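*Asks:* Right, I'll just put the structure down here and ask away after.
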2 protein chains.
Amino acid sequence: MSFETTATIASFGGKLLKLAHQAKTVPCQMKLNLYLPPTASASSPAPVLFYLAGLTCTGDNGAEKGFLQHKAAEKGIAVVYPDTSPRGLGIDGEDESYDFGSGAGFYVDATKEPYKGKYNMYSYITRELPETLFSHFKELDGSRVSITGHSMGGHGALTLFLKNPGMYKSVSAFAPISNPTNCQWGQKAFGGYFGDGDKGKWSEHDTCELLKGFKGDVDVLVDVGTGDNFYKQGQLRPEELEKVAKEAGKSVKVRYQDGYDHSYFFISTFAGDHVEHAAKYLLK
Amino acid sequence: MSFETTATIASFGGKLLKLAHQAKTVPCQMKLNLYLPPTASASSPAPVLFYLAGLTCTGDNGAEKGFLQHKAAEKGIAVVYPDTSPRGLGIDGEDESYDFGSGAGFYVDATKEPYKGKYNMYSYITRELPETLFSHFKELDGSRVSITGHSMGGHGALTLFLKNPGMYKSVSAFAPISNPTNCQWGQKAFGGYFGDGDKGKWSEHDTCELLKGFKGDVDVLVDVGTGDNFYKQGQLRPEELEKVAKEAGKSVKVRYQDGYDHSYFFISTFAGDHVEHAAKYLLK
């Protein structure tokens with residue numbers, strides 16, 4: 001299914017496309033933003049960085065406030081900003097919480113009713129969206145893809161990377177939910193999407209658990225603000241991520257950024273570093 | 001009257017302060033954002049760039065989406081993001097239009113009832129706000145101040161600069177309303193704030209008119225997007241600004257940016273250039 005381009009906006013020498021398409025893995029129209037750097041063309045397709053947003057966000061937040069475009073334009077990297085969940089499915093309770101349902105898809109395929117078969121953000125982000133994008137936009141090089149994200153989207157970036165060796169050239173994250181099976185956000189989401197009976201399924205989407213069994217090398221960049229209230233509340237657990245990485249002999253660099261919070265002011269400050277991190281692998 | 005700091009947010013190595021204070025020139029509480037670059041201190045106060053926002057905006061839009069902090073941090077320049085009008089005065093019709101009343105103060109002191117004595121954004125921005133800021137924040141160097149702005153705020157930046165020789169070290173503007181006496185936005189605003197009987201007052205707040213009589217040199221940087229619908233509708237009139245500048249022998253550089261619109265995607269793209277322009281004068 002092809003894309004409708006609802007707006008084309010000049011940004012940092014390239015173009016930000018506001019796109020919509022009728023998805024199959026999730027039963028609704030999905031919106032997203034695609035940034036094409038100035039150098040992207042069919043004869044010289046750009047490598048691609050997926051930016052997965054956090055709770056309550058759409059694909060607009062990162063595009064408007066993340067400032068990834070600034071460095072992406074310089075490096076010649078395209079950026080994809082997907083939505084964070086299906087929308088408007090009419091599921092009872094879908095819009096009631098900020099941290100479950102709409103805006104909170106958690107990048108998993110739900111196995112529990114009434115979300116089963118509908119909240120399939122894992123399949124949408126790893127399969128349907130890239131396939132559709134790369135067949136439609138010849139300016140994109142589907143063989144060079146990296147991933148990053150914020151909070152719930154940081155969880156998404158890390159788990160999608162670890163569950164799909166070779167799919168992404170690199171991964172980084174801003175304030176990721178690193179150990180969702182052991183925090184309130186993750187427990188609510190996994191309980192709602194998987195049920196409480198299948199903790200194995202929970203572990204399949206927990207960065208710390210995945211890292212323990214990961215074969216091969218990683219080079220993960222993570223930034224967390226020390227003034228981040230969600231970090232202080234134990235929703236992010238970067239120390240656990242560091243501990244697991246150390247025990248497993250995996251390279252995970254967690255930078256504790258003094259005084260930074262959980263907002264896009266934090267993301268925009270370090271966005272350049274994360275694009276640089278991706279560029280190391282996308283452009284080599 | 002002093003400031004209440006409602007939030008302190010780390011951004012690009014510095015701090016964004018969300019401030020509120022009870023103003024006198026306008027009869028209400030005024031909110032604003034103040035960005036302090038990492039180098040600002042009482043012993044080494046930072047020069048200051050005022051960023052005046054456009055119609056419908058508050059001091060938040062520029063701080064969140066303008067990307068001025070990125071270059072301001074690098075250059076050691078503070079940025080002040082004021083609101084665009086008084087708020088909540090209970091004037092009949094105040095909140096009815098996007099282009100008049102709330103969010104549309106036009107940086108003038110109204111002389112027509114019921115706005116007279118209340119909508120005094122000119123006095124607030126040129127006098128009360130800087131005086132209050134510079135007496136309160138020793139990290140700011142009130143002797144080195146520049147000004148910029150977007151759309152209505154571009155009009156504000158240019159007219160405040162031209163009406164107050166020596167007050168600002170430099171001026172620039174993004175898509176300014178350059179000739180408000182000859183466009184719909186300006187005519188509506190000036191008619192409402194000054195009345196239709198005093199066209200002399202109108203001219204006192206029109207960049208093109210002010211430039212004709214301006215003594216001394218200027219070095220004005222203006223960016224306008226060629227895809228800007230308000231430019232196409234004749235609300236901005238940069239050609240008239242160029243014409244007047246040429247006739248008056250004043251240096252006004254208007255850059256027509258191919259395909260850019262009126263949004264913060266446009267502003268963020270060229271924000272660095274405008275901070276550099278201010279830095280030339282603030283740091284010399």
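The values are calculated or read from the model by the stated rules, or taken from the named source; none is laboratory data. Everything quoted here is computed from the prediction, not taken from an experiment. Counting neighbours? That spans all protein chains shown, and the Cβs are built from the backbone with ideal geometry, glycine included. Please note that ligands, DNA and RNA were not included when accessible areas were found on the heavy atoms of the full protein model with its side chains. Shrake-Rupley method; radii C 1.70, N 1.55, O 1.52, S 1.80 Å.
*Asks:* Output the residues belonging to the range A:174-223 that are touching an Asp or Glu at 6+ places or on another chain (Cβ under 8 Å) and of a type in the set (A, V, I, L, M).
*Replies:* Answer for the range A:174-223, where residues must be touching an Asp or Glu at 6+ places or on another chain (Cβ under 8 Å) and of a type in the set (A, V, I, L, M): A:A175, A:A189, A:L210, A:L221.
*Asks:* Oh, and also: Taking B:Y231, is it among the hydroxyl-bearing types (S, T, Y) and either touching a strand residue (DSSP E or B) at 6+ places or on another chain (Cβ under 7 Å) or modelled with pLDDT under 95 (or both)? Full working, then the answer.
*Replies:* On the way: among the hydroxyl-bearing types (S, T, Y): yes; either touching a strand residue (DSSP E or B) at 6+ places or on another chain (Cβ under 7 Å) or modelled with pLDDT under 95 (or both): yes.
Criteria met by B:Y231.
*Asks:* If a residue must be out of contact with any helix residue (DSSP H, G or I) (no Cβ under 8 Å at 6 or more places or on another chain), open to solvent by less than 30 Å² (accessible area, probe 1.4 Å) and over 18 Å from A:A248 (Cβ atoms), how many such residues does the range A:154-169 contain?
*Replies:* Pass one, the range A:154-169, residues out of contact with any helix residue (DSSP H, G or I) (no Cβ under 8 Å at 6 or more places or on another chain): A:154, A:157, A:161, A:165-166.
If we keep only those that are open to solvent by less than 30 Å² (accessible area, probe 1.4 Å) too, we end up with A:154, A:157, A:161.
Now drop any that are not over 18 Å from A:A248 (Cβ atoms), which leaves A:154, A:157.
Going through the range A:154-169 one residue at a time, the tally reaches 2.
*Asks:* Going by the structure shown, is B:E113 farther than 23 Å from B:S203 by Cα and in a loop (DSSP other than H, G, I, E, B)? Show your work before the answer.
*Replies:* On the way: farther than 23 Å from B:S203 by Cα: no; in a loop (DSSP other than H, G, I, E, B): yes.
Considered against the rule, which asks whether it is farther than 23 Å from B:S203 by Cα and in a loop (DSSP other than H, G, I, E, B), B:E113 comes out as no.
*Asks:* Name the residues in the range B:241-269 that are over 29 Å from B:K215 (Cα atoms) and in a helix (DSSP H, G or I), would you?
*Replies:* Start the filter on the range B:241-269 by keeping residues that are over 29 Å from B:K215 (Cα atoms), which leaves B:257-269.
Hits for the range B:241-269 are B:Y264, B:F265, B:F266, B:I267, B:S268, B:T269.
*Asks:* Now for a separate question. Output the residue which, of all residues in the range A:217-227 that are more than 14 Å from chain B (Cβ to nearest Cβ) and open to solvent by 40 Å² or more (accessible area, probe 1.4 Å), is modelled with the lowest pLDDT. Walk me through how you get there before you give the answer.
*Replies:* Our first condition is that a residue be more than 14 Å from chain B (Cβ to nearest Cβ); within the range A:217-227, this holds for A:217-222.
Narrowing further to those that are open to solvent by 40 Å² or more (accessible area, probe 1.4 Å): A:217, A:219.
Numbers: A:D217: 92, A:D219: 98.
It comes out as A:D217.
*Asks:* A further question on this structure: Do you know which residues across the range A:203-255 are among the hydroxyl-bearing types (S, T, Y) and over 21 Å from A:A278 (Cβ atoms)? First the steps, then the outcome.
*Replies:* So the first thing to find is which residues in the range A:203-255 are among the hydroxyl-bearing types (S, T, Y), and the list is A:203, A:207, A:226, A:231, A:251.
The answer is A:S203, A:T226, A:Y231.
*Asks:* So, in the range B:8-19, how many residues would count as being within 14 Å of chain A (Cβ to nearest Cβ), open to solvent by less than 40 Å² (accessible area, probe 1.4 Å) and free of Cβ contacts under 8 Å to residues at least 24 places away in the same chain?
*Replies:* Here is the first cut: in the range B:8-19, the ones within 14 Å of chain A (Cβ to nearest Cβ) are B:8-18.
Of the ones still in play, those that are also open to solvent by less than 40 Å² (accessible area, probe 1.4 Å) are B:9-12, B:14, B:16-17.
From what is left, the residues that are free of Cβ contacts under 8 Å to residues at least 24 places away in the same chain are B:9-10, B:17.
Going through the range B:8-19 one residue at a time, the tally reaches 3.
*Asks:* Here is a further query. Show the residue pairs meeting these rules: Cβ distance below 8 Å; 6+ apart or different chains; first residue within the range A:42-58 and under 15 Å from A:R87 (Cα atoms); second residue surrounded by fewer than 24 Cβ atoms within 10 Å (Cβ to Cβ) and among the hydroxyl-bearing types (S, T, Y).
*Replies:* Hits for this filter: A:L55/A:Y98; A:T56/A:Y98.
*Asks:* Let me ask something else about it. Within the range B:136-152, is there a residue that is in a helix (DSSP H, G or I), at pLDDT 95 or above and open to solvent by 40 Å² or more (accessible area, probe 1.4 Å)? Steps first, answer last, please.
*Replies:* Kept after step one, since they are in a helix (DSSP H, G or I), are these residues of the range B:136-152: B:136, B:152.
If we keep only those that are at pLDDT 95 or above too, we end up with B:136, B:152.
Cutting the leftovers down to open to solvent by 40 Å² or more (accessible area, probe 1.4 Å) gives us B:136.
Yes, because at least one residue in the range B:136-152 is in a helix (DSSP H, G or I), at pLDDT 95 or above and open to solvent by 40 Å² or more (accessible area, probe 1.4 Å).
*Asks:* From the set of residues in the range A:167-223 that are outside any helix (DSSP H, G or I) and polar (S, T, N, Q), which is nearest to A:G149 (Cα to Cα)?
*Replies:* First, the residues of the range A:167-223 that are outside any helix (DSSP H, G or I): A:167-179, A:183, A:195-198, A:204-206, A:213-223.
Okay, now just the ones that are also polar (S, T, N, Q), so A:170, A:172, A:178-179.
Details: A:S170: 12, A:S172: 7, A:S178: 12, A:N179: 15 Å.
Checking each candidate, the answer is A:S172.
*Asks:* Would you say B:L236 is of a type in the set (A, V, I, L, M, F, W, C) and either at pLDDT below 95 or open to solvent by 50 Å² or more (accessible area, probe 1.4 Å) (or both)? Even if it seems obvious, please write down each step before you answer.
*Replies:* Values: of a type in the set (A, V, I, L, M, F, W, C): yes; either at pLDDT below 95 or open to solvent by 50 Å² or more (accessible area, probe 1.4 Å) (or both): no.
Criteria not met by B:L236.
*Asks:* Continuing with this model, one more query. Working only within the range A:252-272, note down all residues that are hydroxyl-bearing (S, T, Y), open to solvent by less than 30 Å² (accessible area, probe 1.4 Å) and farther than 16 Å from A:T148 by Cβ.
*Replies:* Step one: of the range A:252-272, the residues hydroxyl-bearing (S, T, Y) are A:256, A:260, A:263-264, A:268-269.
Next cut, open to solvent by less than 30 Å² (accessible area, probe 1.4 Å) only: A:260, A:264, A:268-269.
Within the range A:252-272, A:Y260 is the sole residue that qualifies.
*Asks:* Moving on to the next point. Please find, within the range B:85-107, the residue that is farthest from the other protein chains (Cβ to nearest Cβ) out of those that are out of contact with any strand residue (DSSP E or B) (no Cβ under 9 Å at 6 or more places or on another chain) and not hydrophobic (A, V, I, L, M, F, W, C).
*Replies:* Across the range B:85-107, the extreme among qualifying residues is B:D92.
*Asks:* If you don't mind, there's one more thing I want to ask. Across the range A:242-275, what is the total count of residues that are more than 14 Å from chain B (Cβ to nearest Cβ) and under 20 Å from A:A53 (Cβ atoms)? Walk me through it before giving the result.
*Replies:* Here is the first cut: in the range A:242-275, the residues more than 14 Å from chain B (Cβ to nearest Cβ) are A:242-254, A:274.
When the remaining residues are screened for being under 20 Å from A:A53 (Cβ atoms), the result is A:274.
The total comes to 1.
*Asks:* So B:T5 ticks every box in (1) more than 11 Å from chain A (Cβ to nearest Cβ); (2) under 22 Å from B:G156 (Cβ atoms); (3) in a strand (DSSP E or B) but one. Which box is left unticked?
*Replies:* The failed condition is (2).
*Asks:* If you check B:P82, B:P38, which single one turns out to be within 14 Å of chain A (Cβ to nearest Cβ), free of Cβ contacts under 8 Å to residues at least 60 places away in the same chain and touching a helix residue (DSSP H, G or I) at 6+ places or on another chain (Cβ under 9 Å)? Walk me through it before giving the result.
*Replies:* Details: B:P82 fails: within 14 Å of chain A (Cβ to nearest Cβ).
Every option except B:P38 fails the conditions.
*Asks:* Would you pick out the residues in the range A:116-130 that are in a loop (DSSP other than H, G, I, E, B) and in contact with a helix residue (DSSP H, G or I) (Cβ under 7 Å, 6 or more places away or on another chain)?
*Replies:* First, pick out the residues of the range A:116-130 that are in a loop (DSSP other than H, G, I, E, B): A:116-119.
Residue satisfying the conditions is A:Y119 alone.
*Asks:* I've got another one for you. Within the range A:237-276, which residues are of a type outside the set (K, R), farther than 19 Å from B:H70 by Cα and under 19 Å from the mean Cα position of the chain (by Cα)?
*Replies:* The initial filter retains those residues of the range A:237-276 that are of a type outside the set (K, R), namely A:238-242, A:244-245, A:247-249, A:251-252, A:254, A:256-276.
Subsequent filtering for residues that are farther than 19 Å from B:H70 by Cα retains A:238-242, A:244-245, A:247-249, A:251-252, A:254, A:256.
Passing the criteria: A:P238, A:L241, A:V252, A:V254.
*Asks:* Return yes or no: is B:L34 among the aliphatic types (A, V, I, L, M) and closer than 27 Å to A:D223 by Cα?
*Replies:* Numbers: among the aliphatic types (A, V, I, L, M): yes; closer than 27 Å to A:D223 by Cα: yes.
So B:L34 passes the test.
*Asks:* Considering (1) open to solvent by 20 Å² or more (accessible area, probe 1.4 Å); (2) closer than 30 Å to B:T8 by Cα; (3) outside any helix (DSSP H, G or I), say which one A:F230 fails and leave the rest.
*Replies:* So the condition that A:F230 fails would be (3).
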